[in-house]
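Okay, so here's the structure we're looking at.
Only the coordinates and a few stated rules stand behind these numbers; no lab work does. Computed from a prediction, not measured in an experiment: that's the story for all the values here. Here Cβ is always computed from backbone atoms with ideal geometry, including for glycine, and neighbour counts include all displayed protein chains.
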Amino acid sequence: MNDHVHVGNAGEDAALDRGWILGHFKDVGDPRHSEAVEIKWGVHPRADARSLWVRGEERTALLVLISGRFRVELPGRSVLLARQGDYVVWGRGVDHSWYAEEESVVLTVRWPSVPGYAAGAQPRT
C-alpha cells in the first residue's frame, strides 16, 4: 500500500469537510493536504445561496460548472454558468457570492490554501 495515494469519490469525500476535498485543512501526511491549492466539490440544491458575500478575498478562484445552472455574483457583474464546462475565474480582492438557479454541481479550485479563512469569518487584515 502506498501512503502517497488516495482514491475516493468526490461526492462522498466532500460530505466530510463542507465540500472541500483538498487543501491545508487535511491532515499533514494525507496526500490531499496542500498549502498551495484547495479543491471543492460543491453540490447545491435548487435555490441554495451563499449566506454572506465573501469580502476581502485573499485567493484566486476558478469555479467550473459540472451540472445545473449556477450564478456567481461579483461586484457590478452577474455571471451565469449554464452549460457543462462554463467557468469563471476571479482574482485576489474580488468580493463574491453565488446562487444555484437549479440543482447544481460545481468544482471550485482556489489558491493559495489559506489557514483560518472560512465562510462567515471576518476577513483578515
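Worth a mention:
- In the chain, excluding the sites themselves, the longest stretch lacking any of the trypsin sites (Lys or Arg not before Pro) that are in a DSSP loop with at most 15 other Cβ atoms within 10 Å is 93-123.
- Take the Cα of Ala47, step 7 Å toward its Cβ, do the same at Arg77, and the gap between the two points is 3.0 nm.
- Full extension of the segment from Val37 to Arg92, taken as 0.36 nm per residue of separation minus the current Cα-Cα distance, would add 18.4 nm.
- Label-point separation, Val114 to Asp17 (7 Å along Cα→Cβ), nm: 1.9 nm
- Selected from Phe70, Val94, Ser104, residue furthest toward positive end of dipole (the range 36-111; charges at beta carbon): Val94
- When Rg and the Kirkwood Rh are both derived from Cα coordinates, the Rg/Rh ratio for the range 36-111 amounts to 0.93.
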